[in-house]
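Okay, so here's the structure we're looking at.
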Amino acid sequence: MKHLPLILLSAILLSACEREDREYRSNPVTAETEEKIALVPLSAGPSGPTEHRSGLGKEYEENAYHIAQGKKFYVWFNCNGCHANGGGGSGPPLMDDRWFYGGQIENIVQTIREGRPNGMPSFRGKIPDDQIWQIAAYVRSMGRNVPKAAAPGRNDDMHSGPAEQRRPPGEVIDGGQVPPAAQMPQ
Amino acid sequence: MTRTLTPHDVDAVPEPTRLATGERGGLPGVRSAADAPPSPDELRDDQVDGLELSARLAKTWGTDKGLIGALSTVDHKIIGRRYIVTAIIFLFLGGLSAVAMRLQLAQPENELIGPDLYNQLFTMHGTTMMFLFGVPIGEAFAVYLVPLMVGTRNIAFPRLNAFSYYVYLFGGAMIWVAFMLNIGPDVGWFAYVPLSGPEFSPGKRADFWAQMITFTEVAGIAVAISVIVTVFKLRAPGMTLDRIPLFVWAELVNSFVIVFALPAVVTASAMLILDRLVGTHFFNPAEGGDALLYQHLFWFFGHPEVYIIFLPATGWVSAIVVTFARRQAFGYIALVLSLIATGFLSFGLWVHHMFTAGLPQLGASFFTASSMLIAIPNGIQIFCWIATLWDGRPIFRTPLLFIIGFFFIFVAGGLSGIMLASVPLDSQVHDTFFVVAHFHYVLIGGNVFPLLAAVYYWFPKFTGRMMSERIGIWHFGLAFIGFNVAFFPMHITGLMGMPRRVYTYLPEMGWGNLNLISTIGAVIFFASFVLFLYNLASSARRGPMAGPNPWDAGTLEWAAASPPLPQNFDRIPVVTNREPLWANRDSLPVVTGLSVDNREQIVSTITHGRADLRESTPEPSIWPFIAAVATAILFIGSMFTPWAVVWGSLPLAVALIGWFWPKMSTEDER
Amino acid sequence: MRRISSILLLLCLPLAGCQGWQSALDVHGPAASSLARMFWIFVAVLATVWVLTMAALLLSLRRRRAADADPLVTDPGTERRMTITISAAIGLTLVIVVSLTGLSYAAQKVLFAHKDGTLTLLITGHQWWWQVTYEDPQPNRVFTTANEIHIPVGEPVLIKLESSDVIHSFWIPNLTGKMDAITGRQNQIQIQADRPGIYRGQCAEFCGLQHAHMGLLVVAESKEDFERWRNHQISSAIPPSDAEHQRGMEIFLSKPCIMCHQIRGTDAGGKTAPDLTHVGSRRYIAAGTLETTRGNIAAWIVDPHGIKPGVDMPTIQLEPNEVQPLASYLEGLK
């Protein structure tokens, strides 16, 4: 009992340093992660849908370095061409709480890797897996669905709104309707 | 040992030793039957004598036992000792990180340390050496020695002084804990934006650096103020401006430089933190900020910083040269004036760190001239010291050896500094290992060698025991050889094109052999410090007893016991000469009339050192420690949320209220 | 003894300093040579000052005072002589300082004076490589390359320096001193080479993880060679000549490479990483880190983070039999 504060303190400190770890080489280097994520809690049969998460998500979205890399690649790979700075353009907004295809990091990785109907291209084979994870982690930070301490501060650029780290924590509501503007012409 | 003042001495002191007590109009200064004690139940130091006086004063000025007592102490010697020990621990930590870097650089494409750790290492090395060792060590010696040298019983604002130590300790501990957890800063000790800004330094690493600056600067300014007031107002009667020891002058000028320079870096680091955490745009060119603004602010502090590190060392050199040359300082006035000139000029040089930033040429060349000009006051000091030795009878003990080492190394570093002051030459050697070599010659030569001399010199005063002379000579030899082997080749590697802060280099660059030599030198240099540590530890326990004045020195600290009693002096000495112990070899004139049961000090006039008032100084208190803890909570909290500045001020307010709560004690009634 | 050895070391300095690829004292341009000359003047003057001061110090260590002399008593004659000596020394210091300042200012005037030339380059520092754009009034003659610049001998070349991220510093020691590339600003520097050669430079301002591996080459060559090189650089990449290169190109275009790299004449149009149109003609890859050989290219593609940990070049999924064609295609992009 006497050591409780000490243990607590070291736990806090250790959780802090993971956030700062800089992993440059994804491990294993060339593997593509297998994720099975349920979009709805419904499934055929008595049991719930089977899910498989690699556990990488936490590692990426709690790590400031990965998110900062993701922020850079977001621009490099022209994500902002459609999604702007998260507010959306010809693509849906990324900083709100609505996620057609799921707002967990695994969903987002899947969305980037596989593409989605109505215009989101597949980046499989175009963006290496670890960079997809980094971008997805950054996308999560846009609605501040990552820890504050890991979210990016302002960048050396023009700004229209507060930086990710200063946004209020967001929530994730899966599903929703594709807005008419983004629907394919019938 | 001591004698009371005779009329002859009174004549020797202009308007001496009258302790006015304000409205009472009493003059209890010189022992005199006419002076009635101000209150009958208060014992004064002319009513008791000898051991009883010592014991009673020691009780009045002592520190309580136990943890609370230790944390409450306001004794400048205890705080000073902690300061010195902590700063030297940081010196060793900084040294260890340097050895790790040197091992990595020993051969090209070495894979011992990766770039991430290497960047953290050199940032920690620079930060530790500059902020946690360089600035504090000079102030630490001031805290311990200035009150002794000016003949008073405690430093001015002793609680502020205690507070500053804890703030410094917490700041230093914070950044080293962060480093141990792999969140150490990795942006270099001057943390240029945009690299240290929010975009390119994600996470908390650079925040730790910036907040550590805040900690150490608060601590540094607090001590500087204490020192300034101590020197101005607490000098022993008769210590006119031209009788102030050179060491004290150096610390005084140094404290002024600190007070004026440190706010610039606090501003820079605060703006950096605001950019990083609140999203301001001070350094964001896209929104009208400017990356160069940071450099100007940083170096406006950063260049005086060099002198903040060097000025106390000139004090050590002066004290040691005079003692071991067995001759009073030659050119006292010149030395003091060059100290002051150095202090002023140090603020006019900062741009020479930015010659390659593309500033206007004419402006840059002005800073060439001012940078070279500072060679003049420094030259005067060097020449005066040499003259003192010339006309003296040098006694070659370890402290003097280190001072001779200081001359060899520091002068070389100062001269290579003249090359760096030239805009065109600097454009070639700036940010290369030539600069690394230059500033290690200046800083190790100008601060560490005098520091080692000072430790050997004052160790008997601190502990009552002498350090081993035999190990001392070995220590000096190893340190001198190791230093030069490590750093001289860096001049050449720099000219051969090796930039600083590279974690490795290609084999075809041809820098391998010189780097290997440097590494060997660094290991030898570090070994000399291990020897030093052994000498400290063994001498503290087994060294021969020193007595009050083992070196037969002339300044007042040697009149106190070794180690000094809590009250420093049983009776406050009267100063009739720059070297009081040489002028009054049999016994020192003293003044009497101070309370024995209360912490009373003499407050004197600034210029003439005339005794002016009796003033109580604060009792021990735990509040400075609590205030320091509250400050640490505020500073560390504000790295995570700006609101910490708001809620963090509550505990701080409580601590300050407790600190300044009226005590209703005798000191307030008077 | 130590003194002697360090003086000897000082004498060796010219020998040591003149060798080496990136040495500031191995001069190949007018600016560097005037800087080197000035450096030696400074060294000579300052070394003399140091030697004289140390001689005075050593002489001062002789014991001139009687053992029992009162330390407070001074001899007025000695006092006066020392005052005069020190005043003279200070006067001399002042003279030295003033003349060195004058020398420095004169050199500065010449060094930073604008010389007329025809060639202008825009160099942008990136973490951790150099983007080089050859400017030209004719837009179709503007081209971009990376980490290796060619300049004609004997002609001043104006270099505009910018940065896309953090502060870098452009430094070719053989030719001239350094100049920072600062975010949000443009600095200018002129370089000129007196004789053909390959001169290496390196980023001199700490810029993050791979600051150590941010080199660039300056290839100085005759006017004709330079023009030939420039015309070749303007042209698009040579199409693959054999089956292996063809396969290498297909691999390149189907992999993440195209997200960042450009090869003019193909579909690869990324702009955030070095232009690879003529990468095979450059002497080094990875910003002056590895010599351009097929093996090195393969090593770099397979494990960039083993060579430059933290670089933005990712590790990508490649089949073992894809590496060889890809490397040989890139090597063939002369």
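Every read-out reported here was derived from the displayed coordinates using simple, explicitly stated rules and does not represent laboratory data. Since the structure is predicted, the reported quantities are computational estimates derived from the model, not experimental observations. Note that we place each Cβ from the backbone using ideal geometry, even for glycine, and neighbour counts take in every protein chain shown.
Under 14 Å from a label point set 7 Å out along the Cα-to-Cβ vector of C:Q186, the amide N atoms of region C:121-161 belong to C:121-125, C:133-137, C:158-161. Modelled spin labels at A:S160 and B:D242, positioned 7 Å past Cα toward Cβ, are 7.4 nm from each other. Counting Cβ atoms of other protein chains within 10 Å of each residue's Cβ and taking the mean over peptide C:57-69 gives 6. The chymotrypsin sites (Phe, Trp or Tyr not before Pro) of region A:51-81 include none that meets both conditions, a loop assignment by DSSP and at most 12 other Cβ atoms within 10 Å of the site Cβ. Between B:L506, A:F73, B:F163, the Cα set farthest toward the positive side of the dipole of the protein assembly as shown (charges on each charged residue's Cβ, about the Cα centre) is that of B:F163. Give me the Debye-computed log₁₀ of I(q)/I(0) at q = 0.08, 0.12, 0.15 Å⁻¹ for chain C, equal point scatterers on Cα only, no solvent, two decimals. Reported log10 I(q)/I(0), two decimals: -0.52, -0.91, -1.25. To the nearest µm²/s, what D does Stokes-Einstein give for region B:382-447 at 20 °C and 1.002 mPa s, using the Kirkwood radius over alpha carbon pairs as Rh? Answer, rounded: 163 µm²/s.
Only Lys, Arg, Asp and Glu carry charge here, each on its Cβ (+1 for the first two, -1 for the last two); on that basis region C:243-331 has a dipole of about 260 debye about its Cα centre. Remark: spin-label model distance C:D267-C:V110 equals 5.8 nm, labels positioned 7 Å along the Cα→Cβ axis. Under the classification rounded if a/c is under 1.5, otherwise prolate if a/b is larger than b/c and oblate if not, where does the protein assembly as shown fall, given a ≥ b ≥ c as square roots of the Cα gyration tensor eigenvalues? It comes out oblate by the Cα gyration axes. Remark: chain B carries a charge dipole of roughly 1240 debye about the Cα centre, counting +1 on each Lys and Arg Cβ and -1 on each Asp and Glu Cβ.
Here B:K663 is the anchor, and the aspartates and glutamates within straight C-alpha reach of less than 18 Å, apart from those fewer than 8 places off in the same chain, are B:D597, B:E600, B:E615, B:E619.
Run through the DSSP bridge list for the protein assembly as shown and note the antiparallel percent, rounded to the nearest 5.
Working: 39 of 56 bridges.
Of those bridges, close to 70 percent are antiparallel.
Just in region C:80-158: which trypsin sites (Lys or Arg not before Pro) are loop by DSSP and have at most 14 other Cβ atoms within 10 Å?
On the way: sites: C:R80, C:R81, C:K109, C:K115, C:R141; in loops: C:K115.
Taking region C:80-158 and a limit of 14 other Cβ atoms within 10 Å, the loop trypsin sites (Lys or Arg not before Pro) found are C:K115.
Label-to-label distance, C:K223 versus C:T83, with points set 7 angstrom from Cα along the beta-carbon direction: 6.9 nm. Per-residue mean of foreign Cβ neighbours for C:98-106 is 5 (Cβ atoms of other chains, 10 Å radius). With contributions of -39500 (n - 2.57) from each DSSP H run of at least four residues, the per-residue ellipticity at 222 nm computed over chain B stands at -19500 deg cm²/dmol.
Farthest towards the positive end of the charge dipole of region C:243-331, among the residues C:G295, C:L318, C:G280, is the Cα of C:G280, using unit charges on the Cβ of Lys, Arg, Asp and Glu. The lysines whose alpha-carbon is closer than 20 Å to the alpha-carbon of A:K148, local same-chain residues fewer than 8 away aside, are A:K58, A:K71, A:K72, B:K204. Magnitude of the charge dipole for region C:175-334, about its Cα centre and with charges confined to Cβ atoms of Lys, Arg (+1) and Asp, Glu (-1), is about 400 debye. Couplings 3J(HN,Hα) for region A:108-114, derived from phi with the Karplus relation 6.51 cos²θ - 1.76 cosθ + 1.60 (θ = phi - 60°), are 5, 4, 4, 4, 5, 6, 9 Hz, where x marks Gly and Pro.
What do you get when you divide the Cα radius of gyration of chain B by 2.2 N^0.38 Å, with N the number of residues?
0.98
Just need the Rg to Rh number for region B:259-320, please, alpha carbons only, Kirkwood Rh.
Values: Rg = 15.9 Å, Rh = 13.1 Å.
Expressed as Rg/Rh, it is 1.21.
Ranking B:W647, B:T152, B:P550 by how far each Cα lies toward the positive end of the dipole of chain B (charges on Cβ) leaves B:P550 at the top.
What helices does chain B have that are whole DSSP H segments, at least 27 Å long along their own axis by Cα, and with mean Kyte-Doolittle hydropathy of 0.0 or more? Write down the numbers at each step before the final one.
Values: long enough: B:76-105 (43 Å, 1.16); B:158-180 (33 Å, 0.96); B:205-233 (42 Å, 1.21); B:246-273 (39 Å, 2.03); B:291-325 (50 Å, 1.22); B:398-421 (34 Å, 2.17); B:469-495 (39 Å, 0.99); B:512-542 (44 Å, 1.09).
Span-like helices in chain B: B:76-105, B:158-180, B:205-233, B:246-273, B:291-325, B:398-421, B:469-495, B:512-542.
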